[in-house]
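K.L.:
What follows is a structure written as structure tokens; I'll ask about it next.
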Amino acid sequence: MATRKAFITGITGQDGSYLAELLLEKGYEVHGLVRRSSSFNTWRIDHVRDRIALHYGDLVDQNSLVRTLDAVGPDEVYNLAAQSHVKVSFEMPEYTAGVTAQGVLRLLDAVRELGLPARVYQAGSSEMFGLVQETPQTERTPFHPRSPYGVSKVFGHWMAINYRESYGMHVSNGILFNHESPRRGENFVTRKITMGLAAIKQGRATELRLGNLDAKRDWGFAGDYVEAMWRMLQRDTPDDYVVATGETHSVREFVEESFGYAGLDWKKHVVIDEKYFRPAEVDLLLGDPTKARTVLGWTPRVGFKDLVRLMVDADMSGPRR
């Protein structure tokens, strides 16, 4: 049997790096799309860099997608690339839509145009639920996105369904709730907390400035969630799945757990700063992963406390760049 080929957009990101590791373990030939930039931001995949093939391209450049997909001829395509920061999406809404929404269309159309038999995974987000219509959220919960990022992800989700239904393509949507790790971007609140805590513990800072501590999220471990992506593409029939833990915790709880683990009183160091509040807040996200559990046989392995400690330990041990 020929070695299966996987193509990952966003391979240098948190999810892309964990997915690349998983696929390498399963014997895949792994290819990734990277944007040309002035700094080579590959620290998350440097440890497997000699085992994967990287190709220059961009979700805003249709020609680069067609050319690369034609050259690689993948069996599986994972679209993880996006402008993925909610607050930044308010500041750069047009760019966010160009990458996170229209980028999905460009990629799907490139696969269709080339006639590739590849199975495609589209990375959705719990931010699509936004102002939630019911709790917990399932695959059938109506969307009400509250940011340009959320709106863009809804576009990508429905475009994936449209290509599945219109052209018979094997496209699955993963509606992933918040998933974190030591590889999380430094401007996301969980990583900001653990990095800020490390700086305080090591005497490099005295305070940590945060926004809304009352927002509640369903937090899981990114390393667990990429396995759900892979499992979706092993099914003969494409479908949509909520990937979540089924538990919700507030930002305040994340702070308390982090600082408590490090032996510090968070109230002496955390300062609420209104500049970190969103124009439209998403107050509560809680996913129902029943379908992923029953159909895919997927369950998260890392719980909330273990996730927090994993991230605190990593940031306490120093930078990973």
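The values are calculated or read from the model by the stated rules, or taken from the named source; none is laboratory data. What you see is a predicted model, and the numbers here were worked out from it, not measured in a lab. Ideal geometry is used to build each Cβ from the backbone, glycine not excepted, and the neighbour counts take in all protein chains shown. The area values use the complete protein model at the heavy-atom level, side chains included, leaving out ligands, DNA and RNA. Shrake-Rupley method; radii C 1.70, N 1.55, O 1.52, S 1.80 Å.
K.L.:
Going through N162, N187 one at a time, which residue ends up being farther than 14 Å from V251 by Cβ and outside any helix (DSSP H, G or I)?
P.N.:
Matching residue, one of N162, N187: N187.
K.L.:
Please count how many residues of the stretch 147-159 are open to solvent by less than 30 Å² (accessible area, probe 1.4 Å) and either among the aliphatic types (A, V, I, L, M) or in a loop (DSSP other than H, G, I, E, B) (or both).
P.N.:
Of the residues in the stretch 147-159, 2 are open to solvent by less than 30 Å² (accessible area, probe 1.4 Å) and either among the aliphatic types (A, V, I, L, M) or in a loop (DSSP other than H, G, I, E, B) (or both).
K.L.:
Continuing with the same structure: What is the one condition in (1) open to solvent by 50 Å² or more (accessible area, probe 1.4 Å); (2) over 19 Å from the mean Cα position of the chain (by Cα); (3) more than 27 Å from V151 (Cα to Cα) that F277 does not satisfy?
P.N.:
In the conditions (1) open to solvent by 50 Å² or more (accessible area, probe 1.4 Å); (2) over 19 Å from the mean Cα position of the chain (by Cα); (3) more than 27 Å from V151 (Cα to Cα), F277 misses (3) alone.
K.L.:
Can I ask one more? Looking only at residues that are closer than 24 Å to I45 by Cα and among the acidic types (D, E) in the stretch 161-187, which one is surrounded by the most Cβ atoms within 10 Å (Cβ to Cβ)?
P.N.:
Result: E180.
K.L.:
While we're looking at this one, here's another question. Please indicate, with yes or no, whether at least one residue in the stretch 304-318 is among the hydroxyl-bearing types (S, T, Y), open to solvent by 30 Å² or more (accessible area, probe 1.4 Å) and outside any loop (DSSP other than H, G, I, E, B).
P.N.:
No, the stretch 304-318 contains no residue that is among the hydroxyl-bearing types (S, T, Y), open to solvent by 30 Å² or more (accessible area, probe 1.4 Å) and outside any loop (DSSP other than H, G, I, E, B).
K.L.:
Answer yes or no: is there a residue in the stretch 280-298 that is at pLDDT below 95, acidic (D, E) and under 23 Å from M128 (Cα atoms).
P.N.:
Taking every residue of the stretch 280-298 in turn, at least one turns out to be at pLDDT below 95, acidic (D, E) and under 23 Å from M128 (Cα atoms).
K.L.:
Any chance the stretch 29-40 includes a residue that's in contact with a Leu (Cβ under 6 Å, 6 or more places away or on another chain) and either among the aliphatic types (A, V, I, L, M) or in a helix (DSSP H, G or I) (or both)?
P.N.:
Checking the stretch 29-40: at least one residue is in contact with a Leu (Cβ under 6 Å, 6 or more places away or on another chain) and either among the aliphatic types (A, V, I, L, M) or in a helix (DSSP H, G or I) (or both).
K.L.:
Return the only residue of V99, V60, V77 being part of a strand (DSSP E or B) and touching a residue at least 12 places away in the same chain (Cβ under 8 Å).
P.N.:
Only one candidate passes the filter, namely V77.
K.L.:
Check whether at least one residue in the stretch 77-91 is surrounded by fewer than 16 Cβ atoms within 10 Å (Cβ to Cβ) and either closer than 16 Å to G185 by Cβ or polar (S, T, N, Q) (or both), and report yes or no.
P.N.:
The answer is yes, given that some residue of the stretch 77-91 is surrounded by fewer than 16 Cβ atoms within 10 Å (Cβ to Cβ) and either closer than 16 Å to G185 by Cβ or polar (S, T, N, Q) (or both).
K.L.:
With the checklist (1) over 22 Å from R146 (Cα atoms); (2) touching a helix residue (DSSP H, G or I) at 6+ places or on another chain (Cβ under 6 Å); (3) touching a residue at least 12 places away in the same chain (Cβ under 8 Å) in hand, flag the one item M229 doesn't pass.
P.N.:
Exception for M229: condition (2).
K.L.:
Check whether at least one residue in the stretch 6-21 is of a type outside the set (A, V, I, L, M) and over 20 Å from the mean Cα position of the chain (by Cα), and report yes or no.
P.N.:
No; the residues of the stretch 6-21 include none that is of a type outside the set (A, V, I, L, M) and over 20 Å from the mean Cα position of the chain (by Cα).
K.L.:
Continuing with the same structure: Considering the stretch 3-27 alone, what residues qualify as being part of a loop (DSSP other than H, G, I, E, B), of a type outside the set (S, T, N, Q) and farther than 17 Å from A71 by Cβ?
P.N.:
Within the stretch 3-27, G10, G13, K26, G27 meet the criteria.
K.L.:
Looking only at residues in the stretch 217-250 that are in contact with an Asp or Glu (Cβ under 7 Å, 6 or more places away or on another chain) and of a type in the set (V, I, T), which one is farthest from A118 (Cα to Cα)?
P.N.:
T248
K.L.:
Looking at R67, R49, which one is open to solvent by 60 Å² or more (accessible area, probe 1.4 Å), assigned to a helix (DSSP H, G or I) and touching a Ser or Thr at 6+ places or on another chain (Cβ under 9 Å)?
P.N.:
Within the list R67, R49, the selection yields R49.
K.L.:
On to the next question. Can you tell me which residues in the stretch 228-264 are under 14 Å from A123 (Cβ atoms) and open to solvent by 30 Å² or more (accessible area, probe 1.4 Å)?
P.N.:
W230
K.L.:
Checking V104 against (1) farther than 23 Å from M229 by Cα; (2) free of Cβ contacts under 8 Å to residues at least 60 places away in the same chain; (3) not charged (D, E, K, R), which single condition isn't satisfied?
P.N.:
(1)
K.L.:
Find all pairs meeting these conditions: Cβ atoms under 6 angstrom apart; at least six residues apart or on different chains; first residue within the stretch 297-311 and closer than 22 Å to V242 by Cβ; second residue in a helix (DSSP H, G or I) and open to solvent by 20 Å² or more (accessible area, probe 1.4 Å).
P.N.:
Cβ pairs passing all conditions: W298/R231; T299/R293.
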